[in-house]
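So the structure is just underneath, and the comments pick up after that.
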Amino acid sequence: MDFDLSETQQLFRDTTLRFCGPGDTAARHAARRQPGGFDRARWQELAGLGLIGLAAGEGDGGLGGSLGDCATVAQALGEGLAAEPWLECGFIPARLLASRAAAADVIAGSTLATLAFAEPGRRFRTDPALETAGGKLSGAKTFVPCGGAADLFLVTARHEGRSAVFAVPRDAAGLTVQGYPVADGSHAAQLVLDGVAHGEPLAADLDAVIDEARIVAAAELVGLARRLLADTLEYVKTREQFGQPIGRFQVIQHRLVDAYARVEAAQSALYRALLRLGAPPAAVKGFIADAAQWVGQQAVQLHGGMGMTDELAIGHGLKRIVLLGKLFGDAAGGIAAYGREAA
Amino acid sequence: MDLDFTPDELAFQAEVRTFLAERLSPRLREAAANTPSVFVEPDITREWQAELHAKGWLATLWPREFGGPGWTPVQKYLFEKECADAGAPALPVQGLKLVGPVICKFGTPEQQARFLPRILSGEDYWCQGYSEPGAGSDLASLACRAERRGDKYVINGTKIWTTHAHHANWIFALVRTDASARKQDGISFLLIPMDQPGITVSAIVSIANDHELNQTFFDNAETGVENLIGAEGQGWTIAKYLLENERGGSCAAPSLLAELGRIERAARDVPADHGGMMRDDPHFAQRLAQLRLEAEAFEITELRILADLAKGRPAGPQTSLIKLVGANLRQAVDTLAIDLYGYEAMQLPTARPLYGNAAPEPIGSRSAQLALPRWLNDRAWTIFGGSDEVQKTIIAKQVLGL
Ligand SMILES: Cc1cc2nc3c(=O)[nH]c(=O)nc-3n(C[C@H](O)[C@H](O)[C@H](O)COP(=O)(O)OP(=O)(O)OC[C@H]3O[C@@H](n4cnc5c(N)ncnc54)[C@H](O)[C@@H]3O)c2cc1C
């Protein structure tokens, strides 16, 4: 039995943390001011480190990383508070595109691809209502992650009685893209498809990729929670009120012990999910998201007024936590589904 | 024990309702509903303030001689409740609820004559200069200095988290006038005009993209000695009086219940994942009911304090309980809203305001667009006006005798 990272995982973790740098929020702000709220140069850098290729199979021009390898990177990105949507525009497209020609450009970082799965009025459902008809796609998608900047949309649709995914370039005839800023500062998009021609569906299994994505999201959440806990520990040791560091107050110590306990439980739940033991990914992600959100709220609270500003990492981390908590279904839904299944 | 209102009180309630129906314009309602920050922008509050001022209903906490309406605690409650139900904008507290009552109680007749009418008319807009980078919860350790030179005080130092300092033409500040005295004894309460070269205001943007907060710097700023409230060294006593108003000076339950009502109505139109609408989702329905119970109980807690006040019993440290419970309930209600709207609650617009013609188009509904900025900004409720941790310590000591 061994829960240590493998040597290569340690290498990926170190590389990722180096990429994130000291996590200065100025860099994050700069990225968010770019068109579509996205920094192409940083993305190229990430791709250059092989981190997108990690998620693609060896036969598909990638490094064939395991889900555990990918979770290691996601957790490090969370800890480093990266602004880059590696899960949404790296991991998911690499898994879905697999052997398609477009995969190479995604792995190289020159094409920004994203999954268009959510539909207006269908809450967290991942089975598309949008249907193909005569080789065309018509309907609407919402909350398309980083859709404001993306070049290629992987659009889910009902096709020949099953869920399928079609690659649709941003400039496809009949496609309208409307970007809007979301919690983590990135720009999601609404898509209107009006008779957009589609080719062959991608070969990948959508539900399986979404389940993997839930686990990778959970890993990033663990990283974010760790980061916010670490920043808060640092802060309460240095912030003085009433002539002493506020970390000397017992109520603050106990609160942070609770936060620590929840972070460790989240880490263990993540490992369990990576071992494919027990609960379905949606439930595990829900459990971890609840913990991370609670830790994030405590981080804001214990920073006092400072926690309310856009200057600190705290708020950015909390907002990313909230967004990942909802992505592919929220905690209430995921945990309730596990309840139904276990019953 | 009864909850019955007298015929006079019911007549008053009806009068308030009629007034709101006639005078609260759609523009004001829209702005109030679509403000995700804690404080409403002055162009909105000025207009509503003028309406209330004309009616004589503005300064509910002030004695009648200074322009207060002379209401009983029950009338104040009924007024707040009707305003919450009608969706009236929150008024700027700094002038009306914080410094106003202080000037009424501690000011000289000259100060009262000079400042109070201009608060009522909206001519003066105030901000609060208490907190400093090094003095938050431990307010008494504040360092901003005021030195008396002839007929002026010269002020040096900085205040932080000054809400709406960028709109204000006056700031009331706690300043250190005697560095040698015991911490609390060296503090004075000073009124300082903002429009002068010695004062600079720099914006602090919130995690929800709102600009309410600022840091205010004093570099040989000046104010006349006639702008000292009370005596030198009396600042701490005055500050504590003000904080009690800040913590317990209003009724929060009606607005929480009104918000829960709005969330429930919205939930009837949000489809759930497994058929039906979110209103009927068992988990959601239970959370909604739980929060209703808490808010309903909270309403009675608030009324119990009002009833005490009406009988002339002082409210005292119970105001800490009101602040504590109200703040946490508000955050829980906000969380219910983001959980209801799902992906639509993830939009976080950077443009402001979210009302009027220039407001960015919402994804889904306007309520969904407001949910996350509100949730984020409302994290502040458990921080300002004495944090949760500070309130609990006060209650433990002063109420539970620990
Ligand atoms: C939106 C907003 C508006 C505000 N508006 C104004 C304004 O207009 N004017 C103004 O003067 N101020 C204003 N404030 C400031 C507010 O009053 C302070 O933020 C508050 O007093 C807390 O101080 P701090 O931020 O320095 O936090 P700190 O005092 O540093 O507290 C940090 C954390 O430590 C905890 N803590 C501190 N002491 C103890 C203790 N003894 N035991 C246990 N825990 C403790 C706190 O509860 C908190 O969780 C505003 C703040 C916000 C967020």
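The values are calculated or read from the model by the stated rules, or taken from the named source; none is laboratory data. If you're wondering where the values come from, they're calculated on a predicted model, not measured in any experiment. For neighbour counting, all protein chains shown are included, and Cβ atoms are generated from backbone atoms with ideal geometry for every residue, glycine included. Surface accessibility is based on the protein's heavy atoms, side chains included, excluding ligands, DNA and RNA. Shrake-Rupley method; radii C 1.70, N 1.55, O 1.52, S 1.80 Å.
Quick notes on this one:
- Prolate/oblate/rounded label for the stretch A:28-172 (Cα gyration tensor, a/c 1.5): prolate
- Rounded to 0.05, the FRET efficiency of the B:Arg114 and B:Glu296 pair, given R0 = 51 Å and the Cβ-Cβ distance, is 0.70.
- Considering only chain B, percent of DSSP beta bridges that pair antiparallel, nearest 5: 85 percent
- A simple spin-label model places pseudo-atoms 7 Å from Cα toward Cβ; at B:His53 and B:Glu361 they are separated by 4.0 nm.
- Basic side chains Lys and Arg get +1 at the Cβ, acidic Asp and Glu get -1 at the Cβ, and with that the dipole of the stretch B:126-234 about its Cα centre reaches some 220 debye.
- Reported value for chain B: 155 Å³ per residue, from the convex hull of its C-alpha atoms.
- With protein chains left intact and a 1.4 Å probe, residues in the stretch A:206-342 average 37 Å² of accessible area per residue.
- Rounded, prolate or oblate (a/c below 1.5 giving rounded, otherwise prolate when a/b exceeds b/c) for the stretch A:114-197 by Cα gyration tensor: oblate
- Rolled with a 1.4 Å probe across the full set of protein chains, the surface gives A:Asp330 an accessible area near 20 Å².
- Counted over the stretch A:114-197, the DSSP beta bridges are approximately 85% antiparallel.
- Counted over chain A, the DSSP beta bridges are approximately 85% antiparallel.
- Cubic angstrom per residue, convex hull over Cα atoms of the protein assembly as shown: 179 Å³
- The amide H of A:Gly329, built 1.01 Å from its N in the peptide plane, has no neighbour under 5 Å, considering only residues 5 or more places off or on other chains.
- Among the residues of A:303-313, the average count of other protein chain beta-carbon atoms within 10 Å of the residue beta-carbon is 6.
- Phi angles across the stretch B:189-201 convert, under the Karplus curve 6.51 cos²θ - 1.76 cosθ + 1.60 with θ = phi - 60°, into 3J(HN,Hα) values of 10, 10, 9, 10, x, 7, 7, 7, x, x, 10, 10, 10 Hz, Gly and Pro given as x.
- For the stretch A:94-104, Karplus couplings with θ = phi - 60° (6.51, -1.76, 1.60), whole Hz, Gly/Pro x: 4, 5, 6, 6, 6, 8, 4, 4, 4, 4, 4
- For the stretch A:114-197: accessible area per residue (Å², 1.4 Å): 35 Å²
- Surface analysis of the stretch B:251-399 yields an accessible area of 42 Å² per residue, using protein heavy atoms and a 1.4 Å probe.
- Segment B:Gln184..B:Arg265, full-extension length gain: 24.2 nm, with 0.36 nm per residue of separation and the alpha-carbon distance subtracted.
- Taking chain A and dividing mean pair separation by its residue count, relative contact order in percent (alpha carbons under 8 Å, at least six apart): 16 percent
- Highest-first arrangement of B:314-321, B:212-219, B:94-101, where packing means the average Cβ count within 10 Å: B:94-101, B:212-219, B:314-321
- Only helices enter this figure: runs of n ≥ 4 DSSP H residues, each worth -39500 (n - 2.57), summed and divided by the residues of the protein assembly as shown, yield -15000 deg cm²/dmol at 222 nm to the nearest 500.
- Computed from backbone phi with θ = phi - 60° and the Karplus coefficients 6.51, -1.76 and 1.60, the 3J(HN,Hα) list for the stretch A:188-197 is 7, 8, 9, 10, 10, 10, 10, x, 7, 5 Hz; x is used for glycine and proline.
- Taking A:Pro85, A:Pro169, A:Pro22 in turn, the Gaussian network model of chain A (Cα-Cα springs below 10 Å) assigns the largest fluctuation to A:Pro22.
- Across the stretch A:7-111, the mean sequence separation of Cα contacts (distance under 8 Å, 6 or more residues apart), normalised by length, yields a relative contact order of 34 percent.
- Summed buried accessible area for B+A [probe radius 1.4 Å, Å², rounded to 100]: 3500 Å²
- When chain A is treated as a Gaussian network with alpha carbon springs shorter than 10 Å, the biggest mean-square fluctuation among A:Phe153, A:Phe117, A:Phe249 belongs to A:Phe249.
- For the segment B:336-342, counting C-beta atoms of other chains within 10 Å of every residue's C-beta and taking the mean gives 3.
- A:Thr8 - accessible surface, heavy atoms, 1.4 Å probe, Å² rounded to 10: 80 Å²
- In a simple Cβ point-charge model (Lys, Arg +1; Asp, Glu -1; nothing else charged), the stretch B:7-91 has a dipole of about 40 debye relative to its Cα centre.
- Threshold 30 Å², the stretch A:167-209 residues less accessible with all protein chains present than alone (1.4 Å probe): A:Tyr180, A:Pro181, A:Ala183
- Average other protein chain Cβ within 10 Å of Cβ, residues B:270-279: 3
- Here the calculated FRET efficiency for A:Glu160 and A:Asp194, from their Cβ-Cβ distance with R0 = 30 Å, stands at 0.90, rounded to the nearest 0.05.
- Relative contact order (%) - the stretch B:1-79, alpha-carbon pairs under 8 angstrom, separation at least six: 27 percent
- Pairwise FRET efficiency - B:Ala203 versus A:Gln253, Cβ, R0 = 22 Å, nearest 0.05: 0.05
- Segment A:Arg272..A:Phe242, full-extension length gain: 6.4 nm, with 0.36 nm per residue of separation and the alpha-carbon distance subtracted.
- Shape category assigned to the stretch B:126-234 from the gyration tensor of Cα positions, a/c cut at 1.5: oblate
- Delta accessible area of at least 30 Å² on complex formation, residues of the stretch B:194-227, 1.4 Å probe, chain isolated as reference: B:Val205, B:Ile207
- Per atom type, the protein assembly as shown shows carbon and sulfur on 53% of its accessible surface, probed at 1.4 Å.
- For A:Leu63, the residues 5 or more places off, or on other chains, whose built amide H falls under 5 Å of its own are A:Leu54, A:Ala55, A:Ala56.
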